[in-house]
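Okay, so here's the structure we're looking at.
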Amino acid sequence: MHHHPARLAGLLAAALGTTVAADTREQDFLIRRAPPPFTGAVALNAVAYPDHSRLLVVRDSAGNERPVRTPADWAIRVQHLRANMQQVMGRLPDATRRVPLDVEIVSEVRTARYVRRKIRYSPEPGDRVPAWLLVPHAATAGNRAPALLCLHQTTKIGKDEPAGLAGRDSLHYAHELAERGYVCLAPDYPSFGEYPYDFRNQGAHHASGTIKGIWNHLRAVDLLTALPEVDGERIGVIGHSLGGGNALFVAAFDERLKAVVSSGGFTPFHDYKKGKLAPWSQDLYMPRIREIYDNSPDKVPFDFYEIVASLAPRGFFSNSPIHDRYCDIGGVRKAFAKAAEVYALFPAPTDGPDERLTLVTPDAPHDFPAAERAAAYAWLDRQLRRHNL
């Protein structure tokens with residue numbers, strides 16, 4: 001069933017409990033419903049770590065080391081990681097860029113299991129992100145559902161692929177998860193889908209495509225937490241390839257994301273194409289890897305060992321095919337082994353097996369096969385304690 005956009009403008013307004021216009025009431029409401037996405041992440045207290053795989057140490061600015069023995073010790077290392085990430089990505093915008101979302105509903109279609117709405121929202125002044133919002137029929141203010149931020153791979157069609165409207169069947173995870181009972185938000189990454197974007201002329205607020213993506217995704221979590229159909233304590237993120245890497249990046253900053261699924265999304269920099277990092281220095285990623293760090297994994301001041309471990313004690317599920325031409329499986333296994341040392345600092349679950357770090361390695365190329373998607377969805381059910389919707 002299709003509706004004219006003008007008639008739909010009030011639907012999400014009713015869901016948000018406020019007006020769709022960017023006014024003070026919406027801003028107050030969203031700030032009240034959505035807590036800040038991070039604590040201290042923009043404090044650029046960068047501290048160098050010569051070996052990013054040595055996770056159980058924390059250093060001071062003079063390079064003196066002490067062991068990491070407690071979650072509190074690890075929290076200091078996480079702050080250093082966030083600062084080091086921002087050395088490469090550019091500084092994360094401050095709260096003055098966190099404007100009202102000003103959500104607009106463009107169209108709506110009712111499917112058998114969920115309503116699919118095309119929306120646009122404002123992540124910051126002067127910008128609009130196109131996205132698909134999939135809301136299961138059973139999800140209501142009285143029966144709040146878990147939610148997932150669903151990030152697409154490198155593909156011209158952007159958000160349409162996870163939404164199940166085009167592209168590879170194996171990457172229709174937003175559609176499949178909405179049918180399973182999750183509220184799903186699938187935004188376009190800048191320059192993909194319906195989101196024209198010029199990375200070289202994005203102004204002084206973003207030094208890289210990666211930090212712009214992180215900011216947009218933080219705001220997407222703001223949007224999800226504001227929906228009355230969503231349980232704000234049960235939000236996760238899922239993505240493949242470009243989306244798998246971005247799932248890790250945003251979750252490293254935003255602790256509201258309680259479960260992370262990355263498919264073909266990472267391997268440590270030394271293991272990526274044998275340390276040849278030129279693809280990571282494209283405009284849509286981090287040009288400083290080329291401009292400042294000479295495309296050298298020895299010089300980049302952070303790595304995926306730390307990013308995976310920074311998720312602790314939250315759940316992380318990686319689909320890492322053994323024939324992935326981008327994300328070397330040997331590097332993935334090394335990162336998981338090191339991250340397990342950090343997860344051991346936190347109490348293990350008492351209500352079942354410890355699945356907080358889950359790695360599946362299908363005999364497949366760079367893809368998200370059916371069996372591994374099914375395993376990821378069942379894992380998400382357990383991590384986010386999905387009710388039967």
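The values are calculated or read from the model by the stated rules, or taken from the named source; none is laboratory data. Computed from a predicted model, the values in this text were never measured in an experiment. Cβ atoms come from the backbone with ideal geometry, glycine included; neighbour counts cover every protein chain shown.
Just one of the listed residues (D283, D254) is among the acidic types (D, E), crowded, with 21+ Cβ neighbours inside 10 Å and farther than 19 Å from D328 by Cβ, and it is D254. Which members of the range 350-365 meet the condition of being over 19 Å from the mean Cα position of the chain (by Cα) and not acidic (D, E)? T350, G352, P353, V360, T361, P362, A364, P365, listed by residue number.
Can you name every residue in the range 327-358 that is more than 20 Å from R77 (Cβ to Cβ), hydrophobic (A, V, I, L, M, F, W, C) and either touching a His at 6+ places or on another chain (Cβ under 9 Å) or buried (at least 16 other Cβ atoms within 10 Å of the Cβ) (or both)? C327, I329, V332 - these are the residues of the range 327-358 that are more than 20 Å from R77 (Cβ to Cβ), hydrophobic (A, V, I, L, M, F, W, C) and either touching a His at 6+ places or on another chain (Cβ under 9 Å) or buried (at least 16 other Cβ atoms within 10 Å of the Cβ) (or both). The condition of being surrounded by fewer than 19 Cβ atoms within 10 Å (Cβ to Cβ), at pLDDT 95 or above and charged (D, E, K, R) holds for only one of K212, K156, K118, that being K156. A145 meets each of the listed conditions (1) under 16 Å from P130 (Cα atoms); (2) crowded, with 23+ Cβ neighbours inside 10 Å apart from (1). Restricted to the range 219-335, the set of helices (runs of 4 or more DSSP H) holding at least 1 residues that are out of contact with any helix residue (DSSP H, G or I) (no Cβ under 9 Å at 6 or more places or on another chain) comprises 242-253. Within the range 98-114, the set of residues being assigned to a loop (DSSP other than H, G, I, E, B), of a type in the set (D, E, K, R) and farther than 19 Å from W215 by Cβ comprises R113 only.
Annotation note: of R77, R97, R69, the sole residue that is in contact with an Asp or Glu (Cβ under 9 Å, 6 or more places away or on another chain), surrounded by fewer than 19 Cβ atoms within 10 Å (Cβ to Cβ) and closer than 28 Å to A252 by Cα is R97.
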